[in-house]
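Here is the structure we will look at.
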Amino acid sequence: MEHRHFALYKPDGYLSQFVTNQTKRKNKKLLGELFDFPEETMAIGRLDEPSEGLLLLTTDGQFSEYIRSSKVEKEYWVQVDGIITKESIKQLQEGVEITSESGLYTTQPCKVEPIASEPNLPSRTKRIRDERHGPTSWISITLTEGKYRQVRKMTAAVGFPTLRLVRVRIGEIKIGKMQPGDVIELPTQFY
């Protein structure tokens with residue numbers, strides 16, 4: 001069997017999965033509603049429900065393990081509450097303490113840069129807020145690790161909670177001009 005790989009712009013409000021085992025809220029939006037993926041397709045990593053952006057999907061478990069490994073960079077554009085300071089950016093670059101499934105964890109050093117002006121991104125289905133609630137700023141964070149809700153926990157740890165989170169790159173694959181819900185099938189040997 002030849003494996004298949006896909007790039008998806010996950011819209012906000014979707015779970016990064018194909019089935020849900022939640023019994024309380026059964027009206028969750030799932031990836032299978034966006035495209036007719038082959039039966040064995042799995043998401044490589046996750047973006048939490050309010051997050052959006054690039055998500056890779058594959059029918060190849062080994063490929064999934066490689067992408068999730070620390071060899072592959074993941075870049076996020078993050079809108080934070082307030083005008084982030086140089087000191088906070090430096091803290092993020094050096095690593096901050098967050099909670100993880102196994103207790104307290106110090107994040108690995110990573111690339112963090114301010115984004116000078118609001119990036120040209122598609123509109124969200126749910127609005128974040130408007131200028132009346134105070135200023136916001138944008139940063140780019142590039143990680144090679146991926147703990148549960150890590151970026152959100154990192155920005156909160158330095159006093160700048162995340163308002164919007166968009167993954168724009170995984171390795172060499174960029175979101176480019178994709179729109180929420182777009183799916184592109186990638187060549188079999190693209191990596």
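Rule-based calculations on the coordinates, nothing more; no lab input. Everything numeric in this text was worked out from a predicted model, so none of it was measured. Note: ideal-geometry Cβ built from the backbone for every residue, glycine included; neighbour counts use all protein chains shown.
Can you list the aspartates and glutamates whose alpha carbon sits under 16 Å from that of Lys29, skipping same-chain ones fewer than 8 residues off?
Answer for Lys29, where 16 Å is the Cα cut-off: Asp12, Asp48, Glu49, Glu52, Asp182, listed by chain and number.
Grab the beta carbon distance between Val19 and Ile83, set R0 = 30 Å, and tell me the FRET efficiency rounded to 0.05.
Details: r = 42 Å, r/R0 = 1.38.
Efficiency computed from Cβ-Cβ geometry: 0.10.
Counting only Cα atoms, I'd like the Rg/Rh figure for the range 74-170, Kirkwood definition for Rh.
Here Rg/Rh amounts to 0.95.
I'd like to compare 99-110, 171-182: which one has the highest average count of other Cβ atoms within 10 Å, and what's the full order after that?
Descending packing order for the listed peptides: 171-182, 99-110.
Rounding to the nearest 20 debye, state how big the charge dipole of the chain is about its Cα centre with +1 on each Lys and Arg Cβ and -1 on each Asp and Glu Cβ. Display every interim value, and only then the final one.
On the way: 28 positive and 26 negative charges, 133 e Å.
Magnitude of the dipole: close to 640 debye.
Please list, in order, the residues from the range 66-109 whose amide nitrogen is less than 19 Å from a point placed 7 Å along the Cα→Cβ vector of Met42.
66-72
If contacts are Cα pairs under 8 angstrom and at least 6 residues apart, what is the relative contact order of the range 74-170 in percent?
50
For the chain, what does the helix formula give at 222 nm: sum of -39500 (n - 2.57) over DSSP H segments with n ≥ 4, over the residue count, nearest 500 deg cm²/dmol?
Helices in the chain give a 222 nm mean residue ellipticity of -3500 deg cm²/dmol.
Taking 8 Å as the Cα distance limit and 6 or more residues as the minimum spacing, I'd like the relative contact order of the chain as a percentage.
Result for the chain is 32 percent.
List the pairs from Lys153/Lys174; Lys28/Lys90; Lys153/Lys177; Lys90/Lys174; Lys28/Lys86; Lys90/Lys147 whose alpha-carbon separation is above 31 Å, in the order I gave them.
On the way: Lys153/Lys174 24 Å; Lys28/Lys90 38 Å; Lys153/Lys177 28 Å; Lys90/Lys174 25 Å; Lys28/Lys86 39 Å; Lys90/Lys147 20 Å.
From the list (Lys153/Lys174; Lys28/Lys90; Lys153/Lys177; Lys90/Lys174; Lys28/Lys86; Lys90/Lys147), the Cα-Cα distance tops 31 Å for Lys28/Lys90; Lys28/Lys86.
Go through the range 1-92 and name the GluC sites (Glu not before Pro) that are in a DSSP coil and have 10 or fewer other Cβ atoms within 10 Å of their Cβ.
Numbers: sites: Glu2, Glu33, Glu39, Glu40, Glu52, Glu65, Glu73, Glu75, Glu87; in loops: Glu2, Glu39, Glu40, Glu73.
In loop regions of the range 1-92 (DSSP not H, G, I, E or B), the sparsely surrounded GluC sites (Glu not before Pro) are Glu2, Glu39.
With +1 on each Lys and Arg Cβ and -1 on each Asp and Glu Cβ, how big is the dipole of the range 74-170 about its Cα centre, in debye rounded to the nearest 20?
380
Give me Rg over Rh for the chain, both radii from the alpha carbons and Rh done the Kirkwood way, two decimal places.
Ratio of gyration radius to Kirkwood radius for the chain: 0.96.
Taking +1 at the Cβ of each Lys and Arg and -1 at the Cβ of each Asp and Glu, which of Gln108, Gln150, Ile170 sits farthest along the dipole of the range 74-170 towards its positive end, judged by Cα position relative to the Cα centre?
Ile170
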